[in-house]
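Asks: Submitted below is the structure of interest, expressed as structure tokens.
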Number of protein chains: 2
Amino acid sequence: MPRWESDAQGRLERAALELFETQGFERTTVAQIARTAGLTERSFYRYFPDKREVLFAGNELEAHLVAQVEAAAPDLMPFEALLTALGTADEVFRSREFLLRRVGVIAASPALAERDLIKLADIARALARALEGRGVESGEARFIIDVAIAISRRATSRWLADPDATLSELIAQAAAELRDAVTPRAPTVR
Amino acid sequence: MPRWESDAQGRLERAALELFETQGFERTTVAQIARTAGLTERSFYRYFPDKREVLFAGNELEAHLVAQVEAAAPDLMPFEALLTALGTADEVFRSREFLLRRVGVIAASPALAERDLIKLADIARALARALEGRGVESGEARFIIDVAIAISRRATSRWLADPDATLSELIAQAAAELRDAVTPRAPTVR
């Protein structure tokens, strides 16, 4: 059984996911989530500031990625340091089944989709600070982070569908595809 | 005098920008914006669904970019079609001075920053549909759009600071930098 199944945070996450799936995000209350998880509403707020946050695991992913970038070898190119960090995101991911259901729930709720965008923007800002700490100019940092996140999104959606590939392999694959896409080719003759 | 200065929508946009700057987004009401622009609240809602939307010019940018992608030569690579479209965004941009002040107002208001993220996500989705209409697979479309938007952000922030360069030149420059960044180099010896 994965770690997160056994603790209160994981029980709250699974309860929220199930309730959002069956009755929708809007109609689910924090009290219902807590009750379904066998906990009190007060316990819920020890883990999450609000109902929208329950599927975003606090700042776990952000903290993990920042720590990875900060720990990267100093001579690693910033872009490589980012891709390496993003390739380890599965260390803090929930199970594939949980994540696939989560994608569906987020897509079905504008409120959750907005929070998803905000969390990603927060992560990008935190990574920018980490790269600036490595001496990267802020505009340059923001640019390579936007590109690395594009690569990571492509890789993560494949990872969700393919149990046999590792996330870091799929990130390397998407980075190779990007190299290919940005290399201008002669237009094909119609 | 630019076109948008002479019409009601432009007057509302400038009034909102000034009020957001001087008293903050939260403390500004739609009635105040309308009054400052010399219009009625009812007129405001003919142009914008709510107070947050007034700095985002409705769907002008999205409609422009989608039309550009749809009109691109069929033999143009999808990534090149995107970059070409994004390079014409200045055709619907407000003045540099307006845009620079707008950046500051958005950065100062979480509500506006969220709307900014949502508008960008909407544009990405609309562009994805346009590329799918050109036969691009949906995951691939999403990926090159994310990358093209990263390039466009980099170019636009330079364009705001540099009155002498065209947006399309700066997009070509950022694309060249990206090619450079994704090409692995030997680590430097410390």
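Asks: Could you please rank A:43, A:109, A:152, placing first whichever residue has the fewest other Cβ atoms within 10 Å of its Cβ? Walk me through the numbers on the way to the answer.
Replies: Details: A:43 15, A:109 19, A:152 26.
Listed from fewest to most nearby Cβ atoms, that is A:43, A:109, A:152.
Asks: Kirkwood hydrodynamic radius, the range A:8-54, all distinct C-alpha pairs: what's the number in Å?
Replies: 10.0
Asks: Say we join alpha carbon atoms closer than 10 Å with springs in a Gaussian network model of chain A; which of A:141, A:31, A:130 then has the biggest fluctuation?
Replies: Comparing A:141, A:31, A:130 in a Gaussian network model of chain A, the most mobile one is A:31.
Asks: In which sequence would A:46, A:96 go, from the one with the fewest C-beta neighbours within 10 Å to the one with the most? Numbers along the way, then the final one.
Replies: Values: A:46 11, A:96 14.
With the sparsest Cβ surroundings first, the list reads A:46, A:96.
Asks: Label-to-label distances across copies for residue A:70, with labels 7 Å out along Cα→Cβ, in nm, shortest first?
Replies: Spacings between copies for this position, smallest first, are 4.9 nm.
Asks: Do any GluC sites (Glu not before Pro) in the range B:118-176 lie in a DSSP loop with no more than 12 other beta carbon atoms within 10 Å, and if so, which?
Replies: Numbers: sites: B:132, B:137, B:140, B:169; in loops: B:137.
Passing sites in the range B:118-176 are B:137.
Asks: Follow-up. List, shortest first and in nm to one decimal, how far the label point of residue B:40 (7 Å from Cα along Cα→Cβ) is from its counterparts in the other copies.
Replies: Those separations, rounded to one decimal, come out as 5.5 nm.
Asks: May I ask you to derive the FRET efficiency for residue A:42 and residue A:97 from their Cβ-Cβ distance with R0 = 35 Å, giving the value to the nearest 0.05? Working shown, then result.
Replies: Details: r = 29 Å, r/R0 = 0.84.
The computed FRET efficiency comes out at 0.75.
Asks: Other chains near A:103-115: what is the mean number of their Cβ atoms within 10 Å of each residue's Cβ?
Replies: Working: counts 0, 0, 0, 0, 0, 0, 0, 1, 0, 0, 2, 5, 1.
Per residue, the average neighbour count from other chains is 1.
Asks: Calculate the spin-label point distance for residue A:137 paired with residue B:21, positioning each point 7 Å from the Cα along the beta-carbon direction, and give it in nanometres.
Replies: 2.7
Asks: Give the distance, in whole Å, between the Cα centre of the range B:18-62 and the Cα centre of the range B:142-186.
Replies: 32
Asks: Copy-to-copy spacing for residue B:163, label 7 Å out on the Cα-to-C-beta vector, in nm, shortest first?
Replies: Taking the point 7 Å beyond Cα along Cα→Cβ, the inter-copy spacings are 6.3 nm.
Asks: May I ask for the Kirkwood hydrodynamic radius of the range A:1-139, worked out over all distinct Cα pairs and given in angstroms to one decimal? Please list the in-between numbers first.
Replies: Details: mean 1/r = 0.0613 Å⁻¹.
Computed over the range A:1-139, the radius equals 16.3 Å.
Asks: Here's another thing I want to ask about it. So what's the Cα pair-distance distribution over the range B:60-182, bin width 5 Å, in %?
Replies: 2, 11, 20, 23, 21, 14, 7, 2, 0
Asks: Moving on to the next point. What residue of chain B sits with its beta carbon nearest the rotation axis taking B to A, and at what distance in whole Å?
Replies: Per the B/A rotation axis, the closest residue of B reads B:117, 2.
Asks: Looking at this model, which pairs from A:51/A:119; A:51/B:119; B:51/B:119 are more than 21 angstrom apart at the alpha-carbon? Each step should come with its number before you reach the end.
Replies: Values: A:51/A:119 14 Å; A:51/B:119 23 Å; B:51/B:119 14 Å.
Over 21 Å Cα-Cα: A:51/B:119.
Asks: Taking the Cβ of each residue in A:21, A:80 as the centre, tally the other Cβ atoms inside 10 Å and list the residues starting with the fewest.
Replies: Details: A:21 15, A:80 20.
Listing A:21, A:80 from fewest to most nearby Cβ atoms yields A:21, A:80.
Asks: How large are Rg and Dmax for the protein assembly as shown when calculated on the C-alpha trace, in angstrom?
Replies: Spelled out, the Cα radius of gyration and Dmax of the protein assembly as shown are 22.4, 67 Å.
Readers should treat all values here as calculations from the given coordinates under stated rules, not as data from a laboratory. Please read these numbers as outputs of a predicted model, since none were measured by experiment. As a convention, Cβ positions derive from the backbone with ideal geometry for all residues, glycine included, and neighbour counts pool all protein chains shown.
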